Amino acid sequence: DQQVKQNSPSLSVQEGRISILNCDYTNSMFDYFLWYKKYPAEGPTFLISISSIKDKNEDGRFTVFLNKSAKHLSLHIVPSQPGDSAVYFCAASEYTGTASKLTFGTGTRLQVTL
Amino acid sequence: EAQVTQNPRYLITVTGKKLTVTCSQNMNHEYMSWYRQDPGLGLRQIYYSMNVEVTDKGDVPEGYKVSRKEKRNFPLILESPSPNQTSLYFCASSPPRQGPMAGYTFGSGTRLTVV
C-alpha cells in the first residue's frame with residue numbers, strides 16, 4: 001500500500017517557467033513533509049520541508065504548498081533552470097515516539113529544457 | 001565536510017556469497033538508516049538504528065542484517081544474496097528529532113547486482 005504517491009513519473013518544463021511537482025498521501029499521522037532532489041550517480045539531497053501545521057513554506061525559488069484536507073502537497077520551482085533537471089522525491093515523516101520514519105514517493109523526473 | 005560515505009559504489013556478486021556494504025558518517029548523528037531504490041517503487045526503508053546497539057526493521061528487512069557497534073558506522077549485511085536484492089542502496093543519517101525537520105543526509109549510493 002503506497003502511502004505517498006507521485007503520480008507523474010516525468011515532467012518537462014521550459015527554462016524560466018514554473019515547475020509544479022505533485023504528491024498525494026494517505027496517512028493522517030504524517031507530521032512533516034519533505035522534498036528531495038536526486039541527480040544521477042548521487043544520493044538524494046534535502047531540498048525543503050513543511051510542517052503539517054503550515055500550508056506554505058518558501059526558500060528562494062522553491063515553495064512547498066500543503067493542503068491537509070486534500071492530503072496533497074506540491075513543490076513549485078520558479079523560475080525553472082536547467083540545473084533543476086533531476087528526479088524529485090516527495091517524503092512524509094511520521095514520528096513514532098523514538099524515530100522519525102520517512103516514507104518516500106516513487107519520484108518525478110523533471111527536465112528543464114532551453 | 002559533513003558526509004555519509006558508502007562503500008563500495010558498485011558491486012557485482014554471485015547468488016549466496018555473503019557481502020557487506022559499509023556506511024560511515026562524520027556528523028555524530030544518532031539515527032542511521034538503509035534504503036533501497038527500485039524502479040517504480042521509490043525509496044524503501046530496510047533497517048534503521050536509533051543509536052549504538054539499537055536497530056529495528058524497516059519496511060523491507062527480509063534478507064538483510066545490520067549492526068551498530070559504533071555511532072559512526074552502520075554496515076548492511078547480505079548473508080546469502082539473491083537476484084531480487086539487485087538494487088541501488090542508500091545509507092542515510094540524521095540528528096535526533098528536534099524542531100523543524102531538517103531532513104536526512106544520504107550517501108552516494110551502492111549499486112548492487114546479484115547474478
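Bear in mind these aren't lab numbers, they're just calculated from the coordinates by the rules spelled out. Note that the structure is predicted; figures quoted are calculated from it, not measured. Quick reminder, even Gly has a Cβ in these numbers, built from the backbone with ideal geometry, and neighbours come from all protein chains shown.
Here are the numbers:
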read-out	value
Summed residue charge, Cβ within 13 Å of A:TRP35's Cβ, Lys/Arg positive, Asp/Glu negative	0
Percent RCO, i.e. relative contact order, over chain A, from Cα pairs under 8 Å lying at least 6 residues apart	36 percent
Neighbour-limited loop hits for trypsin sites (Lys or Arg not before Pro), the range A:56-114 (at most 15 other Cβ within 10 Å; DSSP other than H, G, I, E, B)	A:ARG61, A:LYS68
Surrounding net charge for A:THR108, when Lys and Arg each add one and Asp and Glu each subtract one, Cβ distance under 11 Å	+4
Translational diffusion coefficient (Stokes-Einstein; Kirkwood radius from C-alpha pairs) of the range A:32-104 at 10 °C, 1.306 mPa s, in µm²/s	121 µm²/s
Neighbour cut-off at most 13 other Cβ (10 Å), DSSP loop, trypsin sites (Lys or Arg not before Pro), the range B:56-115	B:LYS69
Overall form of the range A:10-50 per C-alpha gyration tensor (a/c, 1.5; a/b vs b/c)	oblate
Alpha-carbon Rg with Dmax, taken over the range B:10-88, Å	12.6, 35
Built amide H within the under 5 Å cut-off of B:GLY109, gap 5+	B:GLN6, B:CYS91
Per-residue HN-Hα couplings for the range B:58-75 [Karplus 6.51, -1.76, 1.60; θ = phi - 60°; Hz; x = Gly/Pro]	x, 8, 9, x, 4, x, 10, 9, 9, 8, 9, 8, 10, 4, 7, 10, 8, x
Volume in Å³ per residue [convex hull over Cα atoms, computed for the protein assembly as shown]	125 Å³
Peptide-level mean, for A:22-33, of C-beta atoms on other protein chains within 10 Å	1
Mean separation of Cα contacts under 8 Å (6+ apart) over length of chain B, as relative contact order %	36 percent
Euclidean distance between Cα centres, the range A:62-114 to the range B:36-115, Å	21 Å
Counted charge near B:ARG44, where neighbours are those whose Cβ lies closer than 10 Å (Asp, Glu -1; Lys, Arg +1)	-1
